[in-house]
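Data first, discussion second: the structure below is written as structure tokens.
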Amino acid sequence: MRNAIASILAAAALAGLTGCESNAVPSASSMLGYQVDTIRDRSVWLTREGVLIHSTASARPVAVTLPGWLYVGSPHCPPDVALGPKGEVVVTSNVVSTLWRIDPETFAVTVHPLALDADTDKDVGFAAVVYSSEQAAFIAYSGVQRSVWRIDPQLKSAAKLANSDLSRPRQAQRVATGRGTCGNLARRLIDSIGG
């Protein structure tokens with residue numbers, strides 16, 4: 001969704017349908033990212049502990065553990081979560097070039113270390129990831145390396161597309177999101193590839 005506020009409201013509405021449990025929605029301080037899967041009537045929340053999948057069909061969220069997942073906190077932008085073309089959930093690390101894929105039906109997790117075509121001597125993690133149907137691939141942004149990458153749909157390799165500093169939003173974006181330079185990174189990534 002283009003509007004972060006609309007996305008947050010939609011995710012909160014879906015989460016509210018999952019039940020009245022006090023633990024049904026992660027606190028703002030533990031949430032790192034989210035996606036709303038309108039096709040499957042669920043929302044996916046990336047938290048500091050892993051992933052919570054909230055569905056209108058279930059009163060309780062499904063907690064998904066990401067084996068070996070790691071990330072660093074502030075001042076770096078957090079890792080990200082994206083939905084793939086078949087409903088799969090893809091989670092990044094912001095410090096290593098590994099992705100975690102959650103099957104849309106079974107919620108089984110597979111770990112995918114990426115073979116990079118450049119910067120193999122650097123720690124490349126991703127602070128934003130989106131699926132581009134036009135490119136039939138995931139596009140990711142490395143905040144530390146300030147670069148944009150194309151990741152094949154099988155999650156095996158990543159090709160560096162460009163050096164780009166997406167971490168410097170306009171002042172209006174910083175104020176609107178409250179997340180400083182990390183706000184709307186996915187939107188800026190989509191804009192940078194012409195999506």
Scan (1) touching a Lys or Arg at 6+ places or on another chain (Cβ under 7 Å); (2) in a loop (DSSP other than H, G, I, E, B); (3) of a type in the set (S, T, N, Q); (4) over 20 Å from residue 185 (Cβ atoms) for the single condition residue 135 breaks and write down its number.
(4)
Residues 92, 65: which one is of a type in the set (Val, Ile, Thr), at pLDDT 95 or above and exposed (fewer than 14 other Cβ atoms within 10 Å of the Cβ)?
65
Wholly enclosed strands (runs of 3 or more DSSP E) of the range 45-116 bearing at least 2 residues under 16 Å from residue 33 (Cα atoms):
50-55, 62-64, 81-83, 89-92, 98-102
Which numbered condition residue 115 fails, given (1) of a type outside the set (Phe, Trp, Tyr); (2) within 14 Å of the chain's Cα centre (by Cα); (3) outside the structural domain of residue 30 (by TED's automatic domain parsing):
(2)
Only listed residue being in the same structural domain as residue 128 (by TED's automatic domain parsing) and either of a type in the set (S, T, N, Q) or modelled with pLDDT of 90 or more (or both), chosen from 44, 51, 72, 36:
72
Test residue 57 against the criterion of being outside the structural domain of residue 156 (by TED's automatic domain parsing) and among the aliphatic types (A, V, I, L, M), and give yes or no.
yes
Cβ-Cβ below 8 Å, separation at least six or inter-chain, first residue in the range 176-193 and buried (at least 16 other Cβ atoms within 10 Å of the Cβ), second at pLDDT below 70 and of a type in the set (Ser, Thr, Tyr): which pairs?
181/167; 182/167; 183/177; 184/177; 185/167
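The values are calculated or read from the model by the stated rules, or taken from the named source; none is laboratory data. In this text the structure is predicted, and so the values were computed from the model without any measurement. Don't worry about glycine lacking a Cβ; one is built from the backbone with ideal geometry, like all the others, and counts go over all protein chains shown.
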